[in-house]
Every structure is written in structure tokens, then in C-alpha cells.
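**Q** Have a look at the structure that comes next, please.
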Amino acid sequence: MQSLQEKAAQWSGVDQEDAFAIDGTNLFEKLGLPTFVNLSTNFYTRVYDDEEEWFRSIFANSKKEEAIQNQYEFFVQRMGGPPLYSQRKGHPALIGRHRPFPVTRQAAERWLHHMQQALDSIAEIDDDSKTKMMNFFRHTAFFLVAGDELKNQNQQVPCKHAASKPAAA
């Protein structure tokens, strides 16, 4: 059985080495906090203005300002900066935190579309950093898809033990 990381690599087309190349450079030191805030603000502006109602509806119960803060704090922490996200929210636990949302392949591709546009709009992010970040985002998006599919499979599998219990007399 494939691990979630193996599925993410297969489905995203980004192998683990390229996905985690962000760990070879401290992107927080290189780019600074304002760049991550701008990236997340630009990204969520695109998401909340998306023309596709099905995609906007995924975020309907989230406050835009909180979504922006969660994202930039996670990015800062994951890319070499202080543990802002963990200090405020605890362990990132990406699959668990995304459990309430339909993390489908279609949603991942739409999310990645907006992230690519947001990255391309931030002049302070050099091309090498954009490539490393996008590889990480693409792999992680499909890691979440794999986690969502596993969650859905677990909900559909009937409990084997219930069928094997003898009937009460």
C-alpha cells in the first residue's frame, strides 16, 4: 500500500526531494515576513473572488482575515521562520485541520492555480524561490487529497467486527 507521501508524489508529479527543497534554503530569512503576508493576502483575495461558486463555498465558513493569518504563519514557520502558527494554534496537523473541507483533486488544482497567480504577482519572490515554493505547495496539496481520500474510504468501510459478533440471546 502506498504511503500518503508516495501518493502525493505520484499525483502531483513532484517527487519528495523537489517538494522538500524548501528545507535547503531559509526562505523566511531570504524573503521576510511582509512577503509572506502579501502572498497570503493576494492568494485569499483571489480565492474569495473566484468565479466558481463550488470553490468559493469551500471557504464560506472561514473569515478571510483569519485564513490569511493562518496561512502566512504556517508558511513562515514551515519555511524557516519562528513558530508563529504553532504558538497560536498548536501543531499544524494539516490533514486533520483540513478534514472538514472537500479536498478533492479539482479543489487542489484550483487552489494551486490561485497560488501560482499569487506567487507570480509578488515581485519580491525570485524565480528559484517560486519554483521551490510551488513544488512544496503542489506536493502538499496532493498529500491533503490523499488524506481526504483515505478519510472517505475509512467512512465507507463497514466495521468487520460488527458482522462477526454473535447475536445476543
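**Q** So between N61 and Q106, what do we pick up on full extension, going 0.36 nm a residue minus the alpha carbon distance?
**A** That works out to 14.2 nm of additional length.
**Q** Let me ask something else. How many nm is it between the label spots at M1 and A123, if each spot is 7 Å from the Cα in line with the beta carbon?
**A** 5.1
**Q** Next question. Name the GluC sites (Glu not before Pro) in segment 22-89 that are in a loop by DSSP and that have at most 15 other C-beta atoms within 10 Å, would you?
**A** For GluC sites (Glu not before Pro) across segment 22-89 that sit outside H, G, I, E and B with at most 15 neighbouring Cβ atoms in 10 Å, the list reads E51, E52.
**Q** Another one. Quick one: pull the percentage of alpha-carbon pairs in segment 4-155 with a separation above 22 Å.
**A** Counting pairs separated by more than 22 Å, the tail of P(r) holds 39 percent.
**Q** OK, next. Taking only C-alpha pairs under 8 Å that are 6+ residues apart, what is the relative contact order of segment 4-155 in percent?
**A** 42
**Q** In nm, give the distance between the simple-model label positions of E53 and S86, each being 7 Å from the Cα along the Cα-to-Cβ direction.
**A** 4.3
**Q** Whole-Hz Karplus ³J(HN,Hα) for segment 70-84, in order, using 6.51 cos²θ - 1.76 cosθ + 1.60 and θ = phi - 60°, x for Gly and Pro?
**A** 4, 5, 5, 5, 5, 4, 4, 4, 6, 10, x, x, x, x, 4
**Q** Please list, in order along segment 25-34, the HN-Hα scalar couplings obtained from phi with the Karplus expression 6.51 cos²θ - 1.76 cosθ + 1.60 (θ = phi - 60°), rounded to whole Hz, x for Gly and Pro.
**A** Values, residue by residue: 9, 7, 5, 5, 5, 5, 9, x, 4, x Hz.
**Q** Could you give each residue of segment 106-122 its phi-based ³J(HN,Hα) in whole Hz, using Karplus coefficients 6.51, -1.76, 1.60 with θ = phi - 60°, and x for Gly or Pro?
**A** The phi angles translate into 5, 5, 4, 5, 5, 4, 5, 4, 5, 5, 4, 4, 5, 4, 5, 8, 9 Hz.
Read-outs: derived from the displayed coordinates by stated rules, not from any lab. All values derive from a computational prediction rather than experimental measurement. As a convention, Cβ positions derive from the backbone with ideal geometry for all residues, glycine included, and neighbour counts pool all protein chains shown.
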